[in-house]
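Working notes, beginning with the structure itself.
The values are calculated or read from the model by the stated rules, or taken from the named source; none is laboratory data. All values reported here derive from a predicted model rather than from experimental measurement. FYI the Cβ positions are ideal-geometry reconstructions off the backbone, even for glycines, and counts take in every protein chain you see. Surface accessibility is based on the protein's heavy atoms, side chains included, excluding ligands, DNA and RNA. Shrake-Rupley method; radii C 1.70, N 1.55, O 1.52, S 1.80 Å.
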Amino acid sequence: MSRSQFVLRGILVTASLTLLVLTLAASPHPIIVAAVVLLALTVYAAIEPDSVFVTVLLGGHVLHWLSAVPVPADTAAWVGLLVAAWAGLVLHLTASLAASLPGQVPVPRLSLRRWTRRGALVAAVTVPVWAVAMLSGQEAVKGEVSLTYAAIAAVALLTFSVWLLSREDRPRP
Amino acid sequence: MTAAPGQRLEARWRVTSAHIRAVLLGLLFVGAGVVLRRPDALVLGAPLLLVGLWATATRPTASPVVRAAIAHPVLREGQATRWVATITPGPGVEEAGLVLLPTPYTLFTPGLRAAATAFAPGAGAPTTLEIICQSTRWGLRPLGPATVAVSGAFGGFRWEPQSVSLPAIPTVPLPDTFTARVPVPRPDGLVGQNRSHHQGSGGELDQIRPFRFGDRLRRVHWPVSVRTGELHVTATHADQDSEILLLVDAMNDIGQSEGVGGSTSSLDNAVRAAGAIAEHYLRTGDRVGLLVLGARDLPHVKAAAGSNHLRRLLDLLARVRVADGTVSDEKRLRSQLRHHVSAGTLAVILTPAISPEVLAHAVALSRRGISVVTVDTLPSDLATPDIPLAGLAQLSSAADDHPDETRLAWRLRLLERNREMTRARQAGVPIVPWAGPGTLDLVLRDLGRRSRAPRVVSR
């Protein structure tokens, strides 16, 4: 395996551990079993970044967070949430890049620059989402039921449009 | 612009597990955040959804044009070629990778048999990914199969054809250095470089004799003519070509082959020696034929001359495979041993002398009056009874479990082999170990003397 692939997988492990540590630190009642499972999955994901276990690992991290950590109440908890979101993003991107190229060859510099730039852009775009969520959370607005339904409908519409765009090419007659 | 050579690869763009992960988890957690009123789920899912949407929006719209080829159609042992994938990227294509599976007796550069590249935005020019493959042993060398993959933004879509298997590249043997200064015993052709027994136009003096009607004037030997007062001419031996038949014993392959520069097996020795002998005699204008004993699907190459024939012989030698040791192989050997041999042919049998039938065939040819030379191709380190344990493993797969029994069995086989070789020598078949230049000189000289002596042969 090339050195750059080692580094990529090292970053994957670091991001996963960061996410795990943040969850455990923010949780009043840590779920140790989940932490052990996620640790094992991290090792497997670093070895096989193209496997479905990366999806299980990332989903497990978020579920672990949602089940163990209450909705952030103070600014420090919100900052921790943002770092956790970035760690999840880094985990996903490093696994994707490691799976996109043969493990034996060094990752081309152009790819590294491109993925880093795009990752930073996505991380930056996450900040407004996080800020809006923090503001709405701190205002403790209960919200109206009609608005919730509207948001659900928007997510459903978004899902449908993503599905439409993601369909595989069909051979044209 | 001309299209790159090679086989065009076909595939479809497919969604990767990374893209499914980004879209699925992103939607799931954003949806859960909305439904469950968990803003933290929304924040955790948002970057994944963004990545998924980005990859979807910039998805590749057209298949890239990818061609796979091997740079050279034929190799010699030790020569290298390139496994080349030429990729013409379409819009949205960002990375490409190539991986070859390992092939026996092949050295790869880079050593991990993989290459990758990234395409600049808007790049449309063909880009090549190549891996250098050096074939270190004769034979048909399948390079690969290979995996070629091209991916889009964030690795969301991948274009990956099935494993690419290009036709195997024949690696012709690198002939050992070989020369023979002694002419072939019975040249019986038209024009060549071997001194025949007949008088005729040639370079080697036979005698000075009185002039006869029909002799050319330029042959008149004036000093003798003046001294004797009668015209005398110089008579020479005719220079003629001869026919050489190479018989390569492929019934057994004893020893371990490590390719060029490493240890050799008996079949390595036989094939390289056959290539060397063929090259030498074809360059001197003789006709060379080839028969591989025990090999399947290899025709008997009739004797012919010329450089094209040398290529034909080397190509056939590259396709030699050791027999499986089945009953059909024994039957095939028996049918092959009924081949026709013209009078005056020099038969060179290259064998490790493990199959008694081959030595018996050499004796039979000799009794028919054919000049026969047997070249012993058994590696010298295996021709001793006390071989180390590592050497035993080359002889039998059971050597690790039963080393003493294997060593004893090999000693018995060597004793039988020595007895068979002694009987063959007594029957007039010279047996020489392969030693490169001059291997055949001594025995050819003896055969030449013997061929001039009267004897009884059985037809």
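In nm, give the distance between the simple-model label positions of B:Thr384 and B:Glu258, each being 7 Å from the Cα along the Cα-to-Cβ direction.
Roughly 1.7 nm, to one decimal.
Using alpha carbons only, how many degrees (0 to 90, rounded to 10) separate the axis of helix B:17-35 from the longest principal axis of chain B?
With rounding to tens, the tilt is 10 degrees.
Work from the charge dipole of chain B (Cβ charges, +1 for Lys and Arg, -1 for Asp and Glu, about the Cα centre) and give the residue of B:Val233, B:Val148, B:Pro110 farthest towards its positive end.
The Cα lying farthest towards the positive end belongs to B:Val233.
Cα axis of helix B:39-57 to longest principal axis of chain B: angle in degrees, 0 to 90, nearest 10?
The answer is roughly 50 degrees.
Shielding of B:14-23 by partners, i.e. mean partner chain Cβ atoms within 10 Å per residue? Show your work: numbers first, answer last.
Details: counts 2, 3, 4, 10, 12, 2, 3, 10, 7, 5.
Mean shielding by partner chains, rounded to a whole number: 6.
If exposed GluC sites (Glu not before Pro) are those in a DSSP loop with at most 16 other Cβ within 10 Å, what is the longest stretch of chain B that has none? If you can, show how the numbers build up before the last one.
Working: sites that count: B:Glu10, B:Glu230, B:Glu258.
The reported range is B:11-229.
State whether segment B:206-319 is rounded, prolate or oblate according to the following rule on the C-alpha gyration tensor (a ≥ b ≥ c being the square roots of its eigenvalues): a/c under 1.5 gives rounded; otherwise a/b larger than b/c gives prolate, and the remaining case gives oblate.
Values: a/c = 4.49, a/b = 3.28, b/c = 1.37.
In terms of gyration-tensor shape, prolate.
P(r) of segment B:14-57 in 5 Å steps, Cα pairs, percent per bin?
Result returned by the calculation: 6, 29, 29, 19, 11, 5, 1.
Probe radius 1.4 Å, ligands and nucleic acids ignored: give me the carbon and sulfur share of the accessible area of chain B as a rounded percent.
Details: 11530 of 20990 Å².
Within chain B, the accessible surface is 55 percent carbon and sulfur.
Just to check I understand the Karplus step: with θ = phi - 60° and J = 6.51 cos²θ - 1.76 cosθ + 1.60, what whole-Hz values come out for segment A:121-133, glycine and proline as x?
Whole-Hz 3J(HN,Hα) from phi for segment A:121-133: 5, 5, 4, 5, 5, 5, 4, x, 4, 5, 5, 4, 5.
Which is farthest toward the positive dipole end of chain B among B:Leu129, B:Ala273, B:Gln394, measuring Cα position about the Cα centre, with Cβ charges +1 (Lys, Arg) and -1 (Asp, Glu)?
Value: B:Ala273.
Using every Cα-Cα pair within segment B:92-155, state what percent have a distance larger than 21 Å. Spell out each step's value before the answer.
On the way: 686 of 2016 pairs.
Summing the P(r) of segment B:92-155 above 21 Å gives 34 percent of all pairs.
Distances over 29 Å make up what percent of all Cα-Cα pairs in chain B?
On the way: 66491 of 105111 pairs.
Of the Cα pairs, 63 percent sit more than 29 Å apart.
Between rounded, prolate and oblate, where does segment B:257-369 land on the alpha carbon gyration tensor, with a ≥ b ≥ c its root eigenvalues, rounded for a/c under 1.5, else prolate if a/b exceeds b/c? Don't skip to the end; give the middle numbers.
On the way: a/c = 1.56, a/b = 1.06, b/c = 1.48.
Oblate, because a/c is 1.5 or more while a/b does not exceed b/c.
How much mean residue ellipticity at 222 nm does chain B get from its helices, if each DSSP H run of length 4 or more adds -39500 (n - 2.57) and you divide by all residues, to the nearest 500 deg cm²/dmol?
Details: 10 runs with 137 residues, N = 459.
Mean residue ellipticity, 222 nm, calculated: -9500 deg cm²/dmol.
Expressed in nm to one decimal, what extension gain is obtained for the pair B:Arg321 and B:Arg12 from 0.36 nm per residue of sequence separation less their Cα-Cα distance?
Net length gain for the segment: 107.3 nm.
Evaluate the Debye formula for the protein assembly as shown with equal point scatterers sitting on the alpha carbons, no solvent, and hand back log10 of I(q)/I(0) at q = 0.06, 0.10 Å⁻¹, in q order, two decimals.
Normalising to I(0) and taking log10 leaves -0.56, -0.93.
Once A and B are treated as a pair rather than alone, how much accessible area drops out, both sides summed, in Å² to 100, probe 1.4 Å? It would help to have the intermediate numbers written out before the result.
Numbers: alone 11680 and 23590 Å², together 30230 Å².
Summing both chains' loss of accessible area gives about 5000 Å².
Quick one: angle between helix B:327-336 and the longest Cα principal axis of chain B, in degrees between 0 and 90, rounded to 10, please.
With both axes taken from Cα atoms, the answer is about 40 degrees.
Hey, what do the phi angles of segment B:86-96 turn into as Karplus ³J(HN,Hα) couplings, whole Hz, using 6.51/-1.76/1.60 and θ = phi - 60°, x for Gly and Pro?
Karplus-based 3J(HN,Hα) across segment B:86-96 equals 9, 10, 9, x, x, x, x, 7, 10, 9, 9 Hz.
Based on Cβ point charges of +1 for Lys and Arg and -1 for Asp and Glu, what charge dipole magnitude is obtained for chain B about its Cα centre, in debye rounded to the nearest 20? If you can, show how the numbers build up before the last one.
Values: 51 positive and 39 negative charges, 264 e Å.
Rounded to the nearest 20 debye, it is 1260 debye.
Starting from the Cα gyration tensor of segment A:3-141, take the square roots of the eigenvalues, sort them a ≥ b ≥ c, and report rounded, prolate or oblate (rounded when a/c is under 1.5, otherwise prolate if a/b is larger than b/c, else oblate).
Numbers: a/c = 2.90, a/b = 1.46, b/c = 1.99.
Oblate is the answer for segment A:3-141, as a/c is 1.5 or above yet b/c matches or exceeds a/b.
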